[in-house]
Amino acid sequence: RRISYGLGLLEMMFNFGRISCCIMKRISIISILCLAVLSMAARPKYITYEKFGAKGDGVTDDMPAIVAAHAAANEKGLPVRAKDGRTYFIGNASLKAEIRTDTDFGTASFIIDDVGVEEVRTPIFLVAPDKKDFKVKGVQSLMRGQDNLGVELPCRCLVEVMDKNHKVFIRKGLNRNNGTDQRDILIVNEDGSIDPSTPVVFDFANISSVRAYPVNEKPITIKGGTFTTIANQDTTKRIYYHRGIQIRRSGTTIEGVTHLVTGEGDQGAPYSGFICVDHAADVVISDCVFTGHKTYITYKFGKPVSKGTYDTNANSSVNIFWKNCRQTNDIDNPVYWGVFTSNFCKVLKLENCSFSRFDAHQSVTNVSLKNCSFGHQNVRMVGFGTILMEDCEIHGNDLMALRQDYGSTWDGDIIVRRCTLKPYADDKNVYILSGSNDGSHDFGYPCQLPSSITVEGLVIEDEGVVSKEYRYPTVLSAFGRTTGIEEPFPYSTDCKVVLKDVTVKSGKPLKDAPNPEAFKGLTVQRID
């Protein structure tokens, strides 16, 4: 019995110890979890400008605090939030805030003082990539139609290829220049394959440099805020001001940003844009409001020239999408220059936008314009690939123009569906496509009409045109062409035009061109 009693006591003590051990473990786990929760609760969820000394009173220069706040947020991987209802004043010192995390400007306002600014090309906010661009070695050649760069990359990249020995886009006219180094912008995968949406458009006899910009960045979103620029009072001849948001990071989304302009006087230097995309891919700019800048006049070769000035642009970038955007000015008011411009881009898309202008200076490859309205500077470009215009309303005497200062060239196709052309009352001519190239100028590349133009469901509302010089609309403008004239740099007019369900409200006939004999190779098919 004693032995049995002793064994039972030992078993009872063992079970008690095991239960105590379990209880202690649970207590330890609960303690650790409580400490973790308390630690997480103590850690800030976001960074504010006020934490770094911003006043938000609209008077104190808050830019140093803004710079410090974003630097801390980038280091800790935290988002940034402005205080709703505050007004942050940004002075004219040369300071730049780098954004690498989500940023919510909310209902806050920002005043940007551009009068007496120290450095006109320093953006207020730089949306910066985490991964650095790098030089690519080993690329031996690059030709049109080539589908692989010939080298592997560590990740998917935007690649810029340069040939500094050959100039392209040698501009003609009062803004003439000696051209730009030939370049091509590509999206290249890890195995070197080139994305079909960004085809090689130039032959490279020489390659001076190849640089890669990684595009697999962590996506970030920047939203809200009303920004008011106090316009500079500089001379018109000064270089372009850029005191806004510069996007150098792929995968960035900009939502609900409003930009206003005040204080424009009798003179002022031009602006390159408030929201600018530069060497980035897969960027979305949605529900934003822009403001056209006042057009100032400068003089070149003794003649007055309007100085272009913009509020949004893209350069050397791919797959940029503006949607549900508009401008504060009347899109038909010529006092203000067009808000939009681009250079060396591929795959630009605009949807549900109302702008005074869509423009591609030094080429674009593949454009999509849907459900948009364009005003007094309408749609102008040169480039490659496909232009798709659907359900758009265009104000002016031409539905679309190929820029004559760059050769009025489009190497590809134009597709127009269900669009409306609304000429102004004093227009003397009305065209579906306008341009000019008499074959006398070397632009650095061969120039041509589009391979095909397909127009379906177009309505030309010309019944309100009262100019006595207006006779009838034409598919093409005269393009400055004259038969029998030798062309040192021939302009190809091989083009197939297909017209279906085109309505001219005035009842006037739609002609091929004012001078159809000057377009050898042009065919026009009308389908009832």
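The values are calculated or read from the model by the stated rules, or taken from the named source; none is laboratory data. Predicted model, so just to flag it, every value in this text is computed and none were measured. Neighbour counts are summed over all protein chains in view; Cβ atoms, including those assigned to glycine, are modelled from backbone coordinates with ideal geometry. The accessibility values were calculated without ligands, DNA or RNA, using every heavy atom of the protein model including side chains. Shrake-Rupley method; radii C 1.70, N 1.55, O 1.52, S 1.80 Å.
Starting from the Cα-Cα distance between K137 and S193, subtract it from 0.36 nm times their residue separation and give me the gain in nm to one decimal. If you can, show how the numbers build up before the last one.
Working: separation 56, 0.36 × 56 = 20.16 nm, distance 1.57 nm.
Separation in residues times 0.36 nm, less the Cα-Cα distance, equals 18.6 nm.
Taking the 0 to 90 degree range and rounding to the nearest ten, how far is the long axis of helix 63-76 tilted relative to the main principal axis of the chain, both from C-alpha atoms? Between the helix axis and the principal axis of the chain, the angle is about 60 degrees.
Write down the accessible area per residue of region 402-490 in Å², having rolled a 1.4 Å probe over the full set of protein chains. Before the final figure, lay out each step's value.
Details: 3830 Å² over 89 residues.
Accessible surface, normalised per residue, equals 43 Å².
How large is the direction-averaged shadow of the alpha-carbon convex hull of region 231-281, in nm²?
Numbers: hull surface 16.3 nm².
Averaged projected hull area, Cα only: 4.1 nm².
Taking all Cα pairs closer than 8 Å and separated by 6 or more residues, the relative contact order of region 183-324 comes to 23 percent.
Spacing of the modelled spin labels on D203 and T122, each 7 Å from Cα toward Cβ, amounts to 4.7 nm.
How large, in percent, is the carbon and sulfur part of the accessible surface of region 133-276 at a probe radius of 1.4 Å? That fraction is 45 percent.
Past 31 Å, Cα to Cα, is the threshold; run K307/K520; K218/K349; K428/K496; K307/K508 against it and keep the listed order. Flagged as over cut-off: K307/K520; K307/K508. Rounded, prolate or oblate for region 51-96? Axes are the square roots of the Cα gyration tensor eigenvalues, ordered a ≥ b ≥ c, and the cut-off for rounded is a/c under 1.5. Note, shape of region 51-96 comes out oblate.
Between amide H atoms placed 1.01 Å from N, distances below 5 Å from F479 occur with G435, all of them 5 or more places distant or on a separate chain. Subtracting the Cα-Cα distance of A93 and V466 from 0.36 nm times their residue separation leaves 129.0 nm of extension gain.
Ordering 351-358, 495-502 by mean Cβ neighbour count within 10 Å, with the highest value first, yields 351-358, 495-502. Pairs of alpha carbons in the chain separated by more than 42 Å make up 30% of all such pairs.
Couplings 3J(HN,Hα) of region 273-279, computed from phi: x, 7, 9, 10, 9, 9, 6 Hz, in residue order, whole Hz [Karplus 6.51 cos²θ - 1.76 cosθ + 1.60, θ = phi - 60°; x for Gly and Pro].
In the chain, the longest principal axis of the Cα atoms and the axis of helix 2-42 are about 30 degrees apart. Need one word for region 253-305: rounded, prolate or oblate. Basis is the Cα gyration tensor (sqrt eigenvalues a ≥ b ≥ c); a/c below 1.5 gives rounded, then a/b vs b/c decides. It is oblate, given that a/c is not under 1.5 and a/b is not larger than b/c. With the cut-off at under 12 Å, measuring from each backbone N in region 186-201 to a point 7 Å along the Cα-to-Cβ line of R144 picks out 200-201. Against the empirical 2.2 N^0.38 Å (N residues), region 118-261 has a Cα radius of gyration ratio of 1.29.
For region 131-195, how big is the tail of P(r) above 21 Å, as a whole percent of Cα pairs? Write out the running numbers ahead of the final one.
Values: 713 of 2080 pairs.
Roughly 34 percent, rounded to a whole number.
Each residue, K505 and Q525, gets one label point 7 Å from its Cα in the Cβ direction; the gap between the two is 3.0 nm. Using the Cβ-Cβ distance between E152 and Y424 with R0 = 51 Å, the FRET efficiency computed as 1/(1 + (r/R0)^6) comes to roughly 0.40. Whole-Hz Karplus values for region 474-490 come out as 10, 5, 10, 6, 5, 6, x, 9, 9, 6, x, 9, 5, 10, x, 10, x Hz, taken residue by residue from phi with 6.51 cos²θ - 1.76 cosθ + 1.60 and θ = phi - 60°; glycine and proline positions read x. Dividing the Cα radius of gyration of region 306-406 by its Kirkwood radius returns 0.92 for Rg/Rh. Here the calculated FRET efficiency for D130 and K300, from their Cβ-Cβ distance with R0 = 35 Å, stands at 0.25, rounded to the nearest 0.05. Per residue, the solvent-accessible area of region 63-154 (1.4 Å probe, heavy atoms of protein chains only, all protein chains present) comes to 48 Å².
Return a whole-number percent for the relative contact order of region 358-476, with Cα pairs under 8 Å and 6 or more residues apart as the contact set.
25
Short version: what are the Cα gyration tensor semi-axes of region 96-148, square root of 5 times each eigenvalue, largest first, in whole Å?
So the three semi-axes of region 96-148 are 38, 17, 12 Å.
Quick check: at a probe of 1.4 Å, how many percent of the accessible area of region 307-431 sits on carbon and sulfur atoms? Looking at region 307-431 in its full context, I get 39 percent from C and S. Protection proxy ranking of 428-440, 64-76, 299-311, by the mean of other Cβ atoms within 10 Å over each peptide's residues and highest first, is 428-440, 64-76, 299-311.
Using a simple spin-label model with pseudo-atoms 7 Å out from Cα toward Cβ, I239 and N515 lie 4.1 nm apart. Using the Karplus relation 6.51 cos²θ - 1.76 cosθ + 1.60 with θ = phi - 60°, the per-residue 3J(HN,Hα) values for region 417-424 come to 9, 6, 10, 10, 9, 10, x, 7 Hz, with x marking Gly and Pro. Considering every alpha-carbon pair of region 71-202, the percent of pairs per 5 Å bin, from zero through the bin containing the longest distance, is 2, 8, 12, 12, 11, 11, 13, 13, 11, 6, 1, 0.
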